[in-house]
Structures are given as C-alpha cells and as structure tokens.
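Written below as structure tokens is the structure these notes are about.
The values are calculated or read from the model by the stated rules, or taken from the named source; none is laboratory data. All values reported here derive from a predicted model rather than from experimental measurement. Ideal geometry is used to build each Cβ from the backbone, glycine not excepted, and the neighbour counts take in all protein chains shown. What goes into the accessible areas is simple: the full protein's heavy atoms, side chains included, and nothing from ligands, DNA or RNA. Shrake-Rupley method; radii C 1.70, N 1.55, O 1.52, S 1.80 Å.
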Amino acid sequence: MQIKLTSGALTTIFLFFILSCSGFRGVCQELVSVMTDGVGKEILILPYSYNLDSALTEKGNIKVTKVKKVSADFKSQLARAAEQTAEAGGNVFMISRMRDHNQKGKYKVWGTAYYTGDFEQVKTRAIAKKTEKLENGKYAYLVVYRPSYRSGFNDDKRMVVTINDTLKLEMKGNTKYMIRLSKEGDLKIAGENDLLVQHLHVQLGKTYYVRPYINIPGTNKLIRSGENNIAVSKRQPYFETVDDLQGALESSLVNLITITKKM
C-alpha cells in the first residue's frame, strides 16, 4: 500500500497503524504499513483513545485542513499529517478527529504529534501484536460504523442495515456495530428496501468495514452495487465498503454507541 506525497519532500514516511478497540479482547489489533518514496523516517499512527505509553512526549497539535487544489482523499491527508508530525520532531501521531465535508471524499484530519526514544521496541511490540489479532484466525469481524459528520437532521435520521436478511442494525450518526463472525463464506449486506446490496466473501482472520450514511440533499452519488451503479439522491440512506486503514482509524472515532454481536 503506497502513498506518494505531492509536496516534493525528500522524506520517506512509514505509517505504522495499531488499532486497539474495546468489546472483544484482542480482536482489533492490527499493524498496517504505508510507504512513500524517498529516504527517511518512521511514523507510528495511533487511533483515537489508544492507551498512550507514559514515555511519550507531546510535540504539538497537527491539523491537515487544506482541501482545495490538492489531493484530499483520506490516505493523502493522513500522509500529510505524518509529514507534519516528522517536521514537529515527533515519530508518533494520534488521530483525534476527521471530517469528510458533505461526504465528497475530501478529508480534514486533526491529531497530536508525540516523540518516543523507544521507537524500535514499540514497533516490535506492535508487530508481535499483529500475529495475535482475531484469536489467530479463529474469527472474522465486520465493523459497521456511521460517522457523525453533519450536525442536525442528517445525523439524527435513523437508517437500517440488514446482514444476511436476518440481523437488522438500526443506526444514527456516531453509532458502531462490531460483529464477530465464526464462519467463512458470503455475507449479504443490504440497505433499506434493498436499494443497495453488497456481498462480502468473508475469510477468518480478517476485519471488514462498512460505512452507512444518509445522503445530503443536492449531493447526487453513484454507489457500486454488484454489477450496477445506483444513483442515490435527496436524503436516501446508502452504505459503502471502506478499506482497512481508513475503516480502522475512522471507526475508532465513532464512540457514542458501540454494540457488539455474534453471528
């Protein structure tokens, strides 16, 4: 997985991400590395509310809020946050907030830079934790989360996501479900009135992320559903799958309601 910075910096930034969630012991620990071209420095990326080591020294607040005339997708903005962390003298970045204005894929990211003199040992422990995740492949997890990026009606309006035609998840803004799966195979995820249907082929030992939303009036979206592109308009509910890096970081910020279930 590669991120190329557009600033022309000669620094290579390796982003190591550890996710630590409550609910199921050990199931949300993951290490993801992202590399940019060049030479340089390693940055450890931590999710919101991660239990920080007491040896970490705070180096300042980080914010990446420029979205005009730059590539503002999530991975590009996270790379910029890592670059700012390095410039501040840090080697650890903890995300504290992110926002996708009008749900158009143009992200803003906030967090804090830290420095640790014990970076290699911290990284080694993180790599070791990766082998322990999901109880050594005994389970898979589906994380269905709805960020709260719009104040007022949009976040308050409830929607329903149905798993395998039986498990109904009622969601409003800032709600998250963590579902432990004990079997491999196809998983059907459907929106209300079957407007959208996604099929995931579940493999044990992996975590899958799905992000539901209520569409913003005036924003017409095309969502891939099977072989078709479905137009979503007005205040229709929709959902989309999200890659591991964004899903893990973004879902760590969803903390109003967290519900755990098993299938």
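With respect to L19, determine if the residue is modelled with pLDDT under 80, in contact with a Cys (Cβ under 9 Å, 6 or more places away or on another chain) and surrounded by 15 or more Cβ atoms within 10 Å (Cβ to Cβ).
Yes: the conditions hold for L19.
At pLDDT below 85 and acidic (D, E): is that true of E132 in this structure?
Answer is yes for this residue.
Scan segment 211-223 and give yes if some residue there is closer than 24 Å to G111 by Cα, open to solvent by 10 Å² or more (accessible area, probe 1.4 Å) and either charged (D, E, K, R) or at pLDDT below 90 (or both), otherwise no.
yes
Does L195 satisfy being open to solvent by 20 Å² or more (accessible area, probe 1.4 Å) and at pLDDT below 80?
For L195, the condition - open to solvent by 20 Å² or more (accessible area, probe 1.4 Å) and at pLDDT below 80 - is met.
If V92 meets every condition in (1) farther than 18 Å from I214 by Cβ; (2) modelled with pLDDT of 90 or more; (3) open to solvent by less than 70 Å² (accessible area, probe 1.4 Å) apart from one, which number is that one?
The one condition V92 does not meet is (2).
Name the single residue, out of those in segment 224-243 being at pLDDT 75 or above and among the hydroxyl-bearing types (S, T, Y), that is least open to solvent (accessible area, probe 1.4 Å).
Per the stated criteria, the residue is Y238.
Go through segment 244-263 and count every residue that is open to solvent by less than 60 Å² (accessible area, probe 1.4 Å) and part of a helix (DSSP H, G or I).
The number of residues fulfilling the criteria is 8.
What about A72, is it part of a loop (DSSP other than H, G, I, E, B), within 25 Å of S148 (Cα to Cα), open to solvent by less than 60 Å² (accessible area, probe 1.4 Å) and at pLDDT 90 or above?
Yes.
Select from segment 167-210 the residues that are free of Cβ contacts under 8 Å to residues at least 24 places away in the same chain and assigned to a strand (DSSP E or B) and write down the one among them that is nearest to D243 (Cα to Cα).
H201
Which one of these does K59 not meet: (1) of a type in the set (D, E, K, R); (2) closer than 30 Å to T260 by Cα; (3) crowded, with 17+ Cβ neighbours inside 10 Å; (4) modelled with pLDDT of 90 or more?
Unmet for K59, out of (1) of a type in the set (D, E, K, R); (2) closer than 30 Å to T260 by Cα; (3) crowded, with 17+ Cβ neighbours inside 10 Å; (4) modelled with pLDDT of 90 or more: (2).
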